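J.: The structure under discussion is supplied below as structure tokens; questions concerning it will follow.
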Amino acid sequence: MTNYDEIDFSPLTALTGDEVVTHARVRDIRLASGKVLALITLDNGRDHTRPNTLGPATMTALGETLDALKARAAAGEIDAVGVTGKQYILAAGADLSDITKVGSKANAKLVAQLGHKVFGKLGALGVPSFAFVNGLALGGGLEIALNSDYRTVDASAAAIALPEVFLGIIPGWGGAYLLPNLIGIENALEVVISNPLKQNRMLKPQQAYDYGIFDAIFPAATYLERSLTWADGVLTGAIKVERKNQPGKIERTVKWPVAVKMARGMLESKIGTVPRSPYVALDLLDKARSGTKEEGFAREDEALADLVTGDQFAASMYAFDLVQKRAKRPVGAPDKALAKKVTKVGIIGAGLMASQFALLFVRKLKVPVLITDLDQARVDKGVAYIHDEIGKLEAKGRLDGDAANQLRALVTGTTDKSRYADCDFVIEAVFEEVGVKQAVFAEIEPIIAEDAILATNTSSLSVEEIGAKLAHPERLVGFHFFNPVAVMPLIEIVKTPETSDAALSTAFVVARGLGKNAVLTADAPGFVVNRLLAKVMGEAARAVYEGTPVADVEKAFGPLGLPMGPFQLIDLVGWKVAAHVQDTMVHAFPDRFYANENFHQLAELPQVVEKDKGGRVTGFTKDAQKALKGHVGSSPASADTILRRVQDGLATEIKLMLDEGVVPEVEDIDLCLILGAGWPFIDGGASPYLDREGASERAFGDTFHHPVIRGIAG
């Protein structure tokens with residue numbers, strides 16, 4: 001058993017130089033019963049935009065505070081200890097900037113052990129401990145609560161989560177052992193593994209309470225007052241805390257191993273076996289079924305030290321930094337003061353994509369939105385879809401009745417193009433063909449104001465060519481959404497040689513208003529995401545047409561760690577769209593991209609591939625096999641050959657994109673892939689992975705990053 005009191009934590013002092021220390025301020029509160037609760041308030045002295053974090057200096061000081069309170073408890077001066085946070089925030093977890101500087105595996109283990117040493121004191125004070133979770137509680141913040149004897153939560157808290165698996169590590173300060181023993185294995189699997197893998201989904205306070213993480217939930221207006229009254233009731237015995245998953249009530253012999261086995265199968269089906277942290281977390285949750293808390297904590301120490309020093313965590317931290325910082329300050333965006341104020345939006349088209357645009361614009365910007373199409377029937381269908389989707393949001397409680405009615409009233413549809421006259425921002429969502437897009441803009445341009453902005457949602461066509469016949473091509477900007485529109489966080493904003501700063505600025509401001517992250521790209525074929533996905537899909541298609549079974553091709557792509565295989569991706573995007581994108585890229589770069597005429601025949605079929613229950617592609621349908629007959633060779637490629645081709649092809653293409661100035665820096669390409677294609681954090685996008693795999697050296701004799709983004713050796 002680890003004796004944390006005997007460990008020398010002094011090597012961690014080197015990590016505290018830049019730490020924003022979260023102070024543990026204590027005040028005594030005399031409860032109605034006369035009992036005294038010493039209340040610790042965690043506060044780093046900053047406002048709520050800079051959450052409390054838990055670095056080594058913070059943890060050391062908190063440990064000293066708890067030691068002093070233990071002594072006071074022994075002297076009979078206090079009857080309980082409570083922990084809460086500054087306004088809106090308990091704690092956002094460990095200070096990740098510190099963890100990335102640990103320098104060695106031994107120091108990484110010390111970080112885990114320090115957390116266990118300090119938080120472990122919450123259960124050994126000699127008096128009951130209470131966590132009053134008054135706001136955001138992520139990772140180590142939630143583990144403060146888990147290590148306490150009793151827990152309450154503010155009903156308005158922003159988010160509750162253990163997001164570590166999303167970042168390539170595990171809950172390492174008690175979460176992996178304590179949570180399943182508090183709320184049962186099924187709920188713990190959801191919180192520790194499933195939610196982080198669903199784009200880092202957080203729990204609402206009510207969900208966390210329903211799971212059994214908290215003993216009580218109170219409204220924001222009276223949260224601390226009611227929590228203290230509740231704690232007083234617990235101390236006097238007036239309140240008996242009943243937990244549905246009391247340790248004695250948790251079924252461990254049958255349900256537990258079955259749930260773990262099912263979760264393992266789900267992981268293998270959904271994410272493959274490349275990501276390490278979900279499987280390490282799964283093993284920890286499995287072993288939490290038996291043994292002591294001390295044994296569970298020791299396992300967390302070893303697991304966290306191993307993962308923190310690995311390549312996947314280093315890449316995840318690079319990706320996390322891109323999403324948290326670079327995405328919020330887009331490189332190349334003009335001064336937002338140049339943006340035209342958007343008071344009405346026009347959408348050319350009323351199909352599914354146009355209707356999704358309209359729903360997003362009206363929900364986020366809350367301005368009038370006009371949709372048009374060739375005939376009234378299509379317009380009516382589009383408006384009906386939008387109204388129906390607003391109704392669904394209302395039914396789910398995400399909109400109240402008044403808000404829903406206001407949004408419906410803001411959406412209008414017509415075939416009368418003159419209604420575009422007072423639109424400030426007009427975006428087309430019509431067929432992906434240059435002539436069609438030119439024609440609709442030619443019709444609209446004379447109607448709208450001279451300073452109104454035109455936007456095209458083209459996924460791969462030349463924006464400059466689309467605007468070639470405009471009287472004012474400087475007003476046109478590429479505004480490329482990803483599907484599904486409401487979910488995918490990226491917009492590629494495309495600048496032509498003519499695009500004005502005012503048009504660009506407006507596009508960036510609108511994107512931010514829509515809650516999206518925007519990346520500036522030059523007007524190059526496929527822009528960023530589709531150009532690189534075309535490389536991935538083209539290499540997959542090449543292998544199939546050489547004679548490689550489709551299931552083997554899917555497996556060969558496994559080491560990339562993508563959320564889905566190439567043919568699963570093609571099936572999601574749509575075979576017609578994929579064929580069109582491949583044609584565009586081959587037309588632009590015939591020596592580097594692959595397409596096959598037969599692709600279009602496959603695209604005409606109602607179903608091209610067969611899938612298993614997890615959505616993984618297992619083969620082609622009989623119709624597809626018939627369509628492929630005579631087009632497929634007899635020289636299947638090995639998995640190593642396929643993987644090497646796609647790695648080297650991606651490295652070559654990214655280097656060319658940087659040389660061509662498609663984006664300012666490689667970080668922008670990685671950001672696009674993470675936000676627009678679901679490229680995993682554990683790869684860091686593409687470039688850190690390609691550096692580590694040697695593809696960059698093979699492709700152009702150098703690396704994208706200096707030094708290469710790697711974990712810590714030893």
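J.: Would you calculate, for the chain, the mean residue ellipticity at 222 nm contributed by helices, counting each DSSP H stretch of 4 or more residues as -39,500 (n - 2.57) and dividing by all residues, to the nearest 500? Don't skip to the answer; put the middle values down first.
T.: Values: 28 runs with 318 residues, N = 714.
The helix contribution divided over the chain gives -13500 deg cm²/dmol.
J.: Determine the dipole magnitude for the range 1-132: charges of +1 sit on the beta-carbon of Lys and Arg, -1 on that of Asp and Glu, nothing else is charged, the reference point is the Cα centre, and the result goes in debye to the nearest 20.
T.: Numbers: 14 positive and 14 negative charges, 57 e Å.
It works out to roughly 280 debye.
J.: Next up: List the trypsin sites (Lys or Arg not before Pro) within the range 301-364 that DSSP assigns to loop and that have no more than 12 neighbouring Cβ atoms inside 10 Å. Don't skip to the end; give the middle numbers.
T.: Details: sites: Lys325, Arg326, Lys328, Lys336, Lys340, Lys341, Lys344, Arg363, Lys364; in loops: Lys325, Lys340, Lys341, Lys344.
Those that pass, being in a loop and sparsely packed, are Lys325, Lys341.
J.: Farthest toward the dipole's positive end in the chain, which of Thr273, Gln113, Gly685, given Cβ charges of +1 (Lys, Arg) and -1 (Asp, Glu) about the Cα centre?
T.: The residue sitting most towards the positive pole is Gln113.
J.: Separate question: Convex hull over the Cα atoms of the range 271-399, averaged projected area in nm²? Please report the intermediate quantities before stating the final value.
T.: Values: hull surface 58.2 nm².
Taking a quarter of the hull surface, the average projection is 14.6 nm².
J.: Could you tell me what percent of the accessible area of the chain is made up of carbon and sulfur, with a 1.4 Å probe and every protein chain present?
T.: Numbers: 15340 of 29170 Å².
That fraction is 53 percent.
J.: Considering only Phe704, Leu454, Gly413, whose Cα is most displaced toward the positive end of the charge dipole of the chain, charges sitting on Cβ of Lys, Arg (+1) and Asp, Glu (-1)?
T.: Comparing the listed Cα positions along the dipole, Gly413 ranks first.
J.: What whole-number value in Å² describes the accessible area per residue of the chain for a 1.4 Å probe? Before the final figure, lay out each step's value.
T.: On the way: 29170 Å² over 714 residues.
Heavy-atom SASA per residue in the chain reads 41 Å².
J.: So for the chain: antiparallel DSSP bridges make up what percent, rounded to the nearest 5? Mind dumping the intermediate values first?
T.: Values: 15 of 61 bridges.
Bridges in the chain that DSSP calls antiparallel: roughly 25 percent.
J.: Can you tell me the Rg and the Dmax, both Å, for the Cα atoms in the range 160-265?
T.: Reported Rg and Dmax, both Å: 15.7, 47.
J.: If you don't mind, there's one more thing I want to ask. Between Ala455 and residues 5 or more places away or on another chain, which pairs have amide H atoms under 5 Å apart, with H built 1.01 Å from N, and which residues are they?
T.: Val426, Ile427, Glu428, Val477
J.: Which whole-Hz ³J(HN,Hα) couplings does the range 412-427 yield from phi under the Karplus relation 6.51 cos²θ - 1.76 cosθ + 1.60, θ = phi - 60°, glycine and proline marked x?
T.: Ordered by residue, 3J(HN,Hα) equals 10, x, 7, 9, 8, 5, 5, 5, 6, 3, 9, 7, 8, 9, 10, 10 Hz.
J.: Using the Kirkwood radius built from alpha carbon pairs, what does the Stokes-Einstein equation give as D for the range 497-604 at 25 °C and 0.890 mPa s, in µm² per second? Show your work: numbers first, answer last.
T.: Numbers: Rh = 15.7 Å.
Translational diffusion coefficient: 157 µm²/s.
J.: Moving to a separate point now. From the phi of every residue in the range 212-217, what ³J(HN,Hα) in whole Hz does the Karplus formula 6.51 cos²θ - 1.76 cosθ + 1.60 yield, where θ is phi - 60° and glycine or proline is x?
T.: x, 5, 10, 8, 7, 9
J.: Tell me, what HN-Hα J-couplings in whole Hz come from the Karplus equation 6.51 cos²θ - 1.76 cosθ + 1.60 at θ = phi - 60° for each residue of the range 107-114, using x for Gly and Pro?
T.: Going residue by residue, I get 5, 4, 5, 4, 4, 5, 5, 5 Hz, with x marking Gly and Pro.
J.: Another question about this same structure. Between the range 248-322 and the range 198-216, how many Å separate their Cα centres?
T.: One Cα centre to the other: 19 Å.
J.: Hey, could you grab the Kirkwood Rh for the chain? Inverse mean 1/r over distinct alpha carbon pairs, Å, one decimal.
T.: Details: mean 1/r = 0.0358 Å⁻¹.
Here the Kirkwood hydrodynamic radius works out to 28.0 Å.
J.: For the chain, with only Lys/Arg (+1) and Asp/Glu (-1) charged at the beta-carbon, what is the dipole magnitude about the Cα centre, in debye rounded to 20?
T.: Details: 76 positive and 89 negative charges, 369 e Å.
So the dipole magnitude of the chain works out to roughly 1780 debye.
J.: Starting from the Cα of Lys576, draw a straight line to each of the lysines and keep only those under 17 Å, dropping any in the same chain fewer than 8 residues away.
T.: Partners within reach: Lys535.
J.: If each Cα of the range 226-285 is one equal point scatterer, what is log10 of I(q)/I(0) from the Debye formula at q = 0.16 Å⁻¹?
T.: Result of the Debye calculation: -0.68.
J.: Counting each pair of different Cα atoms once, what's the Kirkwood radius of the range 1-88 in Å, rounded to one decimal? Mind dumping the intermediate values first?
T.: Details: mean 1/r = 0.0681 Å⁻¹.
It is 14.7 Å.
J.: Then there is this: Can you give the net charge of the other residues whose Cβ lies under 12 Å from the Cβ of Pro128, counting K and R as +1 and D and E as -1? Can you show the working numbers first?
T.: On the way: positive: Lys35, Arg151; negative: Asp79, Asp149, Asp215, Asp232.
Around Pro128, the charge tally is -2.
J.: Let me know the charge dipole size of the range 368-507 about its Cα centre in debye, to the nearest 20, where only the beta-carbon of Lys, Arg (+1) and Asp, Glu (-1) is charged. Working shown, then result.
T.: Numbers: 12 positive and 24 negative charges, 82 e Å.
The dipole magnitude comes to about 400 debye.
J.: Additional query: In square nanometres, what is the average projected area of the Cα convex hull of the range 377-525? Write out the running numbers ahead of the final one.
T.: Working: hull surface 36.9 nm².
With the hull built on Cα positions only, its mean projection is 9.2 nm².
J.: How large is the Rg to Rh ratio of the range 269-308 when both quantities use alpha carbon positions and Rh follows Kirkwood? The partial results should precede the final answer.
T.: Working: Rg = 11.3 Å, Rh = 11.0 Å.
Rg/Rh for the range 269-308 comes to 1.03.
J.: Which of the aspartates and glutamates could be linked to Lys121 by a straight reach, that is with a Cα gap under 16 Å, when you skip same-chain ones fewer than 8 residues away?
T.: Result set, ordered by chain and number: Asp5, Glu6, Glu64, Asp67, Asp79, Glu143, Asp149, Glu294.
J.: Also, quick follow-up: Could you work out the Rg to Rh ratio of the range 620-714, with Rh taken as the Kirkwood radius (inverse of the mean 1/r over all Cα pairs)? Intermediate results must be reported in sequence, preceding the final value.
T.: Numbers: Rg = 17.0 Å, Rh = 15.4 Å.
Across the range 620-714, the Cα-based Rg/Rh ratio is 1.11.
J.: What's the Cα-based Rg to Rh of the range 170-228, Rh via Kirkwood? Mind dumping the intermediate values first?
T.: Working: Rg = 13.0 Å, Rh = 12.6 Å.
The Rg/Rh ratio comes out at 1.03.
J.: Provide, as a two-decimal number, the C-alpha radius of gyration of the range 426-510 over 2.2 N^0.38 Å, N being how many residues it has.
T.: Values: Rg = 12.0 Å, N = 85, 2.2 N^0.38 = 11.9 Å.
So the Cα radius of gyration is 1.01 times the expected 2.2 N^0.38 Å.
J.: Can I ask one more? Hey, what's the Kirkwood Rh for the range 1-147 if you take every pair of different alpha carbons, in angstrom? Please list the in-between numbers first.
T.: Working: mean 1/r = 0.0640 Å⁻¹.
For the range 1-147, inverting the mean 1/r across all distinct Cα pairs yields 15.6 Å.
J.: Then there's this: Give me the one-decimal nm value for the distance between modelled label points at Arg264 and Arg698, 7 Å along each residue's Cα-to-Cβ direction.
T.: Label at Arg264, label at Arg698, 3.2 nm between them.
J.: I've got another one for you. If the limit is 22 Å between Cα atoms, which of Lys109/Lys328; Lys364/Lys516; Lys270/Lys325; Lys204/Lys325; Lys244/Lys270 go over it? The partial results should precede the final answer.
T.: Working: Lys109/Lys328 33 Å; Lys364/Lys516 10 Å; Lys270/Lys325 29 Å; Lys204/Lys325 25 Å; Lys244/Lys270 31 Å.
Among Lys109/Lys328; Lys364/Lys516; Lys270/Lys325; Lys204/Lys325; Lys244/Lys270, the Cα-Cα distance tops 22 Å for Lys109/Lys328; Lys270/Lys325; Lys204/Lys325; Lys244/Lys270.
J.: Towards the positive end of the charge dipole of the chain, with charges on Cβ (+1 Lys, Arg; -1 Asp, Glu), say which of Tyr223, Thr621, Pro11 has the farthest Cα.
T.: Tyr223
J.: For Arg408, put the label point 7 Å out on the Cα→Cβ axis and report which residues of the range 373-390 keep their amide N under 14 Å from it.
T.: Counting only backbone N, you get 383-390.
The values are calculated or read from the model by the stated rules, or taken from the named source; none is laboratory data. Just so you know, these numbers come straight off a predicted model, no measurement behind them. Counting neighbours? That spans all protein chains shown, and the Cβs are built from the backbone with ideal geometry, glycine included. In case anyone asks, the SASA skips ligands and DNA or RNA and just uses the protein heavy atoms, side chains included. Shrake-Rupley method; radii C 1.70, N 1.55, O 1.52, S 1.80 Å.
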